[in-house]
Amino acid sequence: MALSKDIIKIGCCGAYCKTCPEFVKERCPGCKLGYESGKRDISKIRCKIKACCFRERGFQTCADCPDYSACETIHGLYAKNGYKYKKYQQAMEFLRKNGYSGFIAASRNWKCQYGKFC
């Protein structure tokens with residue numbers, strides 16, 4: 001299913017690997033790709049958000065987590081200084097409200113790992 005191939009490219013935090021320049025240029029393996037096939041070792045995940053969300057809880061993104069609103073880990077990331085963290089939070093809020101299909105549709109014309117939601 002094409003949608004699931006796009007969903008696996010949404011980072012747990014809201015970054016979208018499919019349109020990330022580093023991913024597109026093959027300088028980054030993506031946030032979650034390769035773990036299901038065994039190409040990457042899931043026990044070696046270093047990202048605290050990805051470890052909690054993907055490895056420990058089995059969610060695709062933090063949008064699936066019932067504890068999202070109170071999670072210090074994800075909101076700690078969003079509180080960091082930098083434009084991209086606010087965009088990742090905006091993406092996550094959009095994803096929680098509109099679901100994966102709405103996110104994929106909204107991100108079709110993005111030129112980077114975050115973009116505008118129309």
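The values are calculated or read from the model by the stated rules, or taken from the named source; none is laboratory data. Just so it is clear, the structure is predicted and the values come from calculations on it, not from any experiment. Every residue, glycine as well, gets a Cβ built from its backbone with ideal geometry; the counts of neighbours run over all protein chains shown.
Scan the range 43-60 and report the pairs whose first residue is under 15 Å from A15 (Cα atoms) and whose second residue is among the charged types (D, E, K, R) and crowded, with 16+ Cβ neighbours inside 10 Å, with Cβ atoms within less than 6 Å and a gap of 6+ or a chain change. Sorted first by the residue in the range 43-60, then by its partner, the pairs are F54/K32.
Scanning the range 66-118 for residues that are over 16 Å from C12 (Cα atoms) and among the basic types (K, R) turns up K80, R108, K111, K116.
Restricting the first member to the range 63-76 and to residues that are modelled with pLDDT of 95 or more and surrounded by 12 or more Cβ atoms within 10 Å (Cβ to Cβ), and the second to residues that are aromatic (F, W, Y) and not in a helix (DSSP H, G or I), the beta-carbon pairs closer than 8 Å and six or more apart or on different chains are C65/F59. Is it true that some residue in the range 23-35 is under 15 Å from the mean Cα position of the chain (by Cα), modelled with pLDDT under 95, among the charged types (D, E, K, R) and surrounded by 15 or more Cβ atoms within 10 Å (Cβ to Cβ)? Yes: one or more hits.
Within the range 101-116, the set of residues being at pLDDT below 80 and either buried (at least 17 other Cβ atoms within 10 Å of the Cβ) or among the aliphatic types (A, V, I, L, M) (or both) comprises Q113, Y114, G115. Among the conditions (1) exposed (fewer than 13 other Cβ atoms within 10 Å of the Cβ); (2) not in a helix (DSSP H, G or I), F59 misses just one, which is (1). Of all residues in the range 77-99, none are in a loop (DSSP other than H, G, I, E, B), under 19 Å from I7 (Cβ atoms), among the basic types (K, R) and within 12 Å of the chain's Cα centre (by Cα). Can you find even one residue in the range 11-31 that is without any contact (Cβ under 8 Å) to a residue 60 or more places away in the chain, of a type in the set (G, A, S) and in a helix (DSSP H, G or I)? Checked against the condition, which is being without any contact (Cβ under 8 Å) to a residue 60 or more places away in the chain, of a type in the set (G, A, S) and in a helix (DSSP H, G or I), the range 11-31 yields no hits at all.
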